[in-house]
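As structure tokens, the structure follows; a few thoughts come after it.
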Amino acid sequence: MTAAKLHVTQGPDTLSVFSPFDGSVIGSVDVTGAEEVEELLVRARKGAELSKGLPRHRRASILEKAAQIVESRSERFATAIVSEAGKTLVQARKEVLRCVNTLKLSAEEAKRNAGEVVPFDAYAGSESRQGWFTREPLGIITAITPYNDPLNLVAHKLGPAIAGGNAVLLKPSELTPFSAINLVDALVEAGLPAEVITVAVGGVALGKALVEAREVRMVSFTGGFATGEAISRSAGLKKMAMELGGNAPVIVMADCDFEKAVESSVSGAYWAAGQNCIGAQRILVQAEVYDKFRDAFVLATKKLKAGDPLREDTDVGPMISAQAAERTESVVQKALDAGAKVLCGHRRDGSVYHPTVLEDTPLNCQLWIEEVFAPVVMLAPFETLDQAIALANEPEYSLHAGIFTSNLADALDAAARIDAGGVMINDTSDYRFDAMPFGGSKYGSMGREGVRFAYEDMTQPKVVCFNRA
Ligand code: NAD
């Protein structure tokens, strides 16, 4: 029995899931209605009890075993990602490997991060006291995830939540539910009591009901700003983790390793067809090397093969839907109408939007200011590092930034002055290791993922103080 069958109330309502590439139906899942949330809460309450009762070695061994199961079926997991999210096979295989690592890190966290001694005798008058704090589960957590990394972003919520002894009501993107369901199946097969994770597939009304439920102690959300704002309006008094969008800048200094900067920026711009919250969107290049960089970047972009994600030689797959590609086409067209110049791409075949490079984009364009979440890159020249940092910091929100330079002082200066959750030196904004703290730094940023940090968000300290006097 699949987790979908187990965890989603059977009913006449099913939802079809479509291939982003050709629009064919790849499967269907039962839909949970908002009115069923009460029923899910009964189950989650039991799950929370069971999860809290699991000793840490059990939580760790379940997560380890689930990691082994995912690894042993990696090709099946990768194919599901390709089918429902449209990532290329190479990208999907990488996501599966990262998910395995996220689960392993969660297993370690379950055993490692149990609390600390509190130095009561550091305060005069408290010498006779000693004690510690433990890390206790929160209880029930609602986890809501987007379509673009349908496996590893789910693992980033489930792994730490299980390590911390919580139960989860998981609402994966209705566009890509199968990777999440497969992962929950693997966890249950690894020994997790089934009530600990409840998968509910549905749309906005379901998400809203899961967020509003008073018994839910935390909402862990990854997705877009508009949804994040809607969630914050309806959540009430709960902890919230918000992993939202970006509009990442990458700075290319004249003294950098040029070949590396080009190669890495091309990958960082078009990975997952640019549907990547830390994908490089604005590449700022020092004037001395601007023309050379532009020519090399455009040449490398033109070499990329866009199309069928199941073909081993495809570099850039489709966007999540033809509508998403149409939206991209229209945002780019507006920038062109405002004076931007297209250097390559800006062509659409159904859901495939060909990798696109622009220059001379006016700084008041939607494309410059907002997240595009598509295979579109803007190049812009600058004279000094101060100017580059000012340009990098323009948008209202940010996740990651990158800088290529061989000058240590410039690298550290940029790291200190760029407002971002992470600054990657000699990598593009796109670099991420699953154990590092990950999140935004400006509007809407709340909480951090990266296993240890999510685990800490998903647990609460409890102090024990013993007075021996
Ligand atoms: P989205 O916000 O449209 O949807 C995300 C999830 O929220 C889906 O499961 C959706 O059904 C649900 N949802 C929608 N309305 C809701 C509501 N009112 N209440 C509760 N749930 C609701 O995002 P998307 O289009 O799937 O994903 C793309 C976005 O996600 C981009 O902005 C991207 O930058 C962001 N993202 C961020 C990170 C990160 O870690 N910071 C990672 C990946 C993607």
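One table, with the values for the structure above:
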item: Largest to smallest accessible area among Ile69, Ile26 [probe 1.4 Å]; result: Ile26, Ile69
item: Mean separation of Cα contacts under 8 Å (6+ apart) over length of the stretch 17-93, as relative contact order %; result: 38
item: Highest average packing first - 372-378, 302-308, 437-443, Cβ atoms within 10 Å; result: 372-378, 437-443, 302-308
item: Equivalent ellipsoid semi-axes, the chain, via Cα gyration tensor eigenvalues times 5, rooted, Å; result: 39, 29, 19
item: Dipole-positive endmost among Phe453, Gly228, Phe404 within the chain (Cβ charges, Cα centre); result: Phe453
item: Burial ranking of peptide ranges 243-252, 138-147 (average Cβ count within 10 Å, highest at the top); result: 243-252, 138-147
item: The stretch 249-290 - convex hull of the alpha-carbon atoms, volume per residue in Å³; result: 56
item: Length-normalised contact order of the stretch 409-450 in % [C-alpha pairs under 8 Å, at least 6 apart]; result: 32
item: Listed residue (Phe258, Tyr353, Ile197) projecting farthest to the positive dipole end of the chain, Cβ model; result: Ile197
item: Accessible surface of the stretch 338-385 [probe 1.4 Å, protein heavy atoms]: carbon and sulfur percent; result: 49
item: Amide H within-cut-off set for Phe404, under 5 Å, with H built and near neighbours excluded; result: Ile251, Val252, Met253, Asn426
item: Whole-angstrom Cα spans of the stretch 82-194 along principal axes, big to small; result: 64, 26, 25
item: Residue-by-residue Karplus 3J(HN,Hα) for the stretch 335-351, coefficients 6.51, -1.76, 1.60, Hz, glycine and proline x; result: 5, 5, 4, 8, x, 5, 10, 8, 9, 6, x, 6, 10, 10, 10, x, 8
item: For the stretch 40-84: rounded, prolate or oblate by the Cα gyration tensor [a/c cutoff 1.5]; result: oblate
item: Beta bridge orientation in the chain: antiparallel %, DSSP, nearest 5; result: 40
item: The stretch 168-210: C-alpha gyration tensor shape, a/c 1.5 cut-off, then a/b vs b/c; result: oblate
item: Lysines whose Cα lies under 17 Å from that of Lys208, excluding same-chain neighbours fewer than 8 positions away; result: Lys171, Lys238, Lys239
item: With Cα atoms, 0 to 90° folded angle of helix 408-417 axis to the chain main axis; result: 60
item: Residues with amide H under 5 Å from that of Lys442, placed H, sequence gap 5 or more; result: Ser398
item: Rounded percent of accessible protein surface that carbon and sulfur make up, the stretch 96-146, 1.4 Å probe; result: 54
item: Rg followed by Dmax, in Å, when the stretch 1-121 is reduced to its Cα trace; result: 18.9, 67
item: Scaled radius of gyration (Cα, divided by 2.2 N^0.38 Å) that the stretch 10-72 gives; result: 1.65
item: Cα shape, the stretch 366-469, gyration tensor, a/c 1.5 rule; result: prolate
item: Diffusion coefficient, µm² s⁻¹, Stokes-Einstein with Kirkwood Rh over alpha-carbon pairs of the stretch 223-371 at 4 °C and 1.567 mPa s; result: 77
item: Cα-Cα over 31 Å, subset of Lys65/Lys260; Lys65/Lys302; Lys87/Lys260; Lys260/Lys341; result: Lys65/Lys260; Lys65/Lys302
item: Solvent-accessible surface ranking, highest first, for Trp132, Trp368, Trp271 at 1.4 angstrom; result: Trp132, Trp271, Trp368
item: Low-density loop cleavage sites - GluC sites (Glu not before Pro) in the stretch 122-194, where at most 15 other Cβ are within 10 Å (DSSP); result: Glu127
item: Accessible area per residue, Å², the stretch 161-245 with all protein chains present, probe 1.4 Å; result: 30
item: Residues of type aspartates and glutamates that Lys334 reaches as a straight line, Cα spacing below 15 Å, ignoring anything fewer than 8 places off in the same chain; result: Glu326, Glu359, Asp360, Glu370, Glu371
item: For Val31, net neighbour charge (Lys/Arg +1, Asp/Glu -1) across residues whose Cβ lies under 9 Å away; result: -3
item: Protein accessible area in the stretch 18-62, 1.4 Å probe - carbon and sulfur %; result: 57
item: All lysines inside 19 Å of Lys94 as judged from Cα atoms, apart from same-chain residues fewer than 8 positions distant; result: Lys104, Lys157, Lys305
item: Options Val82, Val31, Ala114, ranked by Cα towards positive dipole end of the stretch 1-133, top entry (Cβ charges); result: Ala114
item: The chain, relative contact order [Cα under 8 Å, separation at least 6], %; result: 19
item: Mean accessible surface per residue for the stretch 248-362, computed with a 1.4 Å probe while every protein chain stays in place, in Å²; result: 40
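The values are calculated or read from the model by the stated rules, or taken from the named source; none is laboratory data. Because the structure is a prediction, the values reported are computed rather than measured. Cβ: placed from backbone, ideal geometry, glycine included. Neighbour counts: every protein chain shown. These accessible areas exclude ligands, DNA and RNA; they are computed on the full protein's heavy atoms, side chains included. Shrake-Rupley method; radii C 1.70, N 1.55, O 1.52, S 1.80 Å.
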